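Chemist: I have a structure here, written as structure tokens, and I will follow up with some questions on it.
Quick note: the coordinates plus some simple rules give every number you see, no bench work behind them. Everything numeric here is computed off the predicted structure, so don't read it as measured data. Quick reminder, even Gly has a Cβ in these numbers, built from the backbone with ideal geometry, and neighbours come from all protein chains shown.
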Amino acid sequence: MSSLIVKGGIFIWPNLIEFLTNNLAHSDVTVVENSIQALCIIVEDAQGLFEDEKFHKMIASMLPNIFRLLDPNQTESIK
């Protein structure tokens, strides 16, 4: 899925970033881990895309869920 976005652009699957970001709050650790991995690949391989001002709102919407993972009160299974 991340390869699709990197090769075809974010417009191939416009809701994917939002979907993956929402999955960061999922109760299933596997879903969280796979979402993190996919987001990492997309952000790393499509770096130029995220430098475009059009995507600043998307990046800002990702941050709360990412920061939630860093919360020390998070359950051990998610850490």
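Chemist: Kindly write out, for the range 17-34 in residue order, the coupling ³J(HN,Hα) from the Karplus curve 6.51 cos²θ - 1.76 cosθ + 1.60 (θ = phi - 60°), rounded to whole Hz, with x marking Gly and Pro.
Modeler: 4, 4, 4, 5, 5, 5, 5, 5, 9, 5, 7, 8, 4, 5, 5, 4, 4, 5
Chemist: Further, regarding this structure: Most exposed first by the Cβ proxy, i.e. fewest other Cβ within 10 Å, how do Ser35, Ser61, Ser27 rank?
Modeler: In order of increasing Cβ crowding within 10 Å: Ser27, Ser61, Ser35.
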